[in-house]
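Down below is the structure, laid out as structure tokens.
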Amino acid sequence: MILHVIDNLYPEAGGPTTVVVEFVRQQAMMGRKVTVLCSNGPRKPEQRAALEERWAGLGVEFIEVGTLPRAQRAQAARDAVDRVKPSIIHIHCVWEPVVRHVALYARKRRIPYVLSTHGMLHPYAIAQKRLKKWVYMQVFPSILKGAGELYSLNLEEAEYVARRFRRPSSVLANGIVVADYEKPEQGIFRAKRPELAGRDFVLFVGRLHPIKGIDLLTRSFAHARKRGMELDLVIVGPDDGARGGVESLARELGIEKHVHFTGGLFGAEKRDAFAACTIFAHRPRFEGFGITVVEGLASAKPVVTTKECKLDGAVEAGALRQAADTDEAFGDALFEIATSADRGRALGARGQAWVREIFDWASLVRRVDASYDRVRAAQ
């Protein structure tokens, strides 16, 4: 029995939730017995229904403890571990209480566990909200030491973990079902957005948070428009504090008629937005992996990003366009691809082929299986 532990399964939380839901699904489809323990599942009924559909018929047990009073949650998590009797625990993310409780309890009960950081131990990520993380760091070394294996999200993070915490870390990329993104545009996305009729567009997908650099992307988009690019910009994702500032910036730059916000999209509608776009663009202040960048690549769309998106091997493979992180250079990259359909198609094809080779779920699950076996044998 494999027990996955994560704080929440909110779709709007982004990468970690997306990855855990699909990772669990793939493990169960390959015959593994899997249980998921979290503080909170999806908040909206339609999101919960979508999760149930994703795991339907696979025998995945789902345990929530966040509905209990706060004082009872730690004990409920411990009780769940005792009842499930996992042979290994796979912990996701770093800072949340449920992660801490389960890791410390696993050490006490001598249950082997592994830890996926999801980019949260990259030096950039640690530098954010320093006080809160400093407090947690007082107990974190014990949790890190007890992990049978540590999975970092990229090579930069793995090297930093080795230096700061003096323990090795392997790099485990997130997976994707490429076939889900190979469908041509179905019209699902545009049907609800008549303002996009007949318009081609640059797409961004992600939380509307300052770390995602949507204001930076908007400035680059404005530069490309000044050069003559005729695409619009569609920004998909739930507001996490950045939307108001980006709307004001678009008005200031005189491009508000060409910038569209859709809110969060999920499932088939989100995938159809990828299918409908001309270019996928991401200019983050920091991105530990960029699952939406991988989705853009899987959709065979030309992707423009910067070195701040840590997608190991993508540039070397010619899978995407890595532009310099300035308004002008990034905007020039958008303009060049938008005005050369052949160049865009060739870049998109290379990106899709690379994702198919590197991020196949079956190979990732087998790799993690081997890791679990090593950890259990060493216990």
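Quick look at the values:
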| quantity | calculated |
| --- | --- |
| Among (1) without any contact (Cβ under 8 Å) to a residue 40 or more places away in the chain; (2) among the acidic types (Asp, Glu); (3) buried (at least 20 other Cβ atoms within 10 Å of the Cβ), the one test that Glu295 misses | (1) |
| Filter pass, Arg199 being touching a Pro at 6+ places or on another chain (Cβ under 7 Å), in contact (Cβ under 8 Å) with a residue 24 or more places away in the chain, over 23 Å from Glu357 (Cβ atoms) and in the same structural domain as Pro284 (by TED's automatic domain parsing) | no |
| Residue identified as at pLDDT below 95, surrounded by fewer than 14 Cβ atoms within 10 Å (Cβ to Cβ) and not basic (Lys, Arg) among Gly244, Gly228, Gly254, Gly263 | Gly263 |
| Condition met for Ser299 (within 16 Å of Val19 (Cα to Cα) and of a type in the set (S, T, N, Q)) | no |
| Condition check for Phe274: touching a helix residue (DSSP H, G or I) at 6+ places or on another chain (Cβ under 7 Å), under 18 Å from Leu196 (Cα atoms) and part of a strand (DSSP E or B) | no |
| Among (1) under 20 Å from the mean Cα position of the chain (by Cα); (2) acidic (Asp, Glu); (3) not assigned by TED's automatic domain parsing to the domain that holds Pro16 - the single one Glu157 does not satisfy | (3) |
| Qualifying position, being in the same structural domain as Ala224 (by TED's automatic domain parsing), out of contact with any helix residue (DSSP H, G or I) (no Cβ under 6 Å at 6 or more places or on another chain) and in contact (Cβ under 8 Å) with a residue 60 or more places away in the chain, among Asp327, Asp332, Asp342 | Asp332 |
| Within the stretch 1-29, tally of residues that are among the hydroxyl-bearing types (Ser, Thr, Tyr) and outside any helix (DSSP H, G or I) | 1 |
| Residue in the stretch 152-161 that is of a type in the set (Ser, Thr, Tyr) and at pLDDT 85 or above present | yes |
| Residue under evaluation Ala346, criteria (1) farther than 18 Å from Glu316 by Cβ; (2) surrounded by 13 or more Cβ atoms within 10 Å (Cβ to Cβ); (3) of a type in the set (A, V, I, L, M), criterion not met | (1) |
| Wholly within the stretch 30-139, strands (runs of 3 or more DSSP E) carrying at least 2 residues that are surrounded by 21 or more Cβ atoms within 10 Å (Cβ to Cβ) | 34-40, 88-92, 113-116 |
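Okay, residues lined up against (1) surrounded by fewer than 24 Cβ atoms within 10 Å (Cβ to Cβ); (2) closer than 28 Å to His122 by Cα; (3) over 17 Å from the mean Cα position of the chain (by Cα); (4) of a type in the set (Ser, Thr, Tyr):
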residue	(1), (2), (3), (4)
Ala275	yes, no, yes, no
Arg283	no, yes, no, no
Glu287	no, yes, no, no
Gly290	no, yes, no, no
Thr305	no, yes, no, yes
Asp312	yes, yes, no, no
Gly318	yes, yes, yes, no
Ala324	yes, yes, yes, no
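The values are calculated or read from the model by the stated rules, or taken from the named source; none is laboratory data. Keep in mind the model is a prediction, meaning the values are calculated, not measured. Note that each Cβ is placed from the backbone with ideal geometry, even for glycine, and that neighbours are counted across all protein chains shown.
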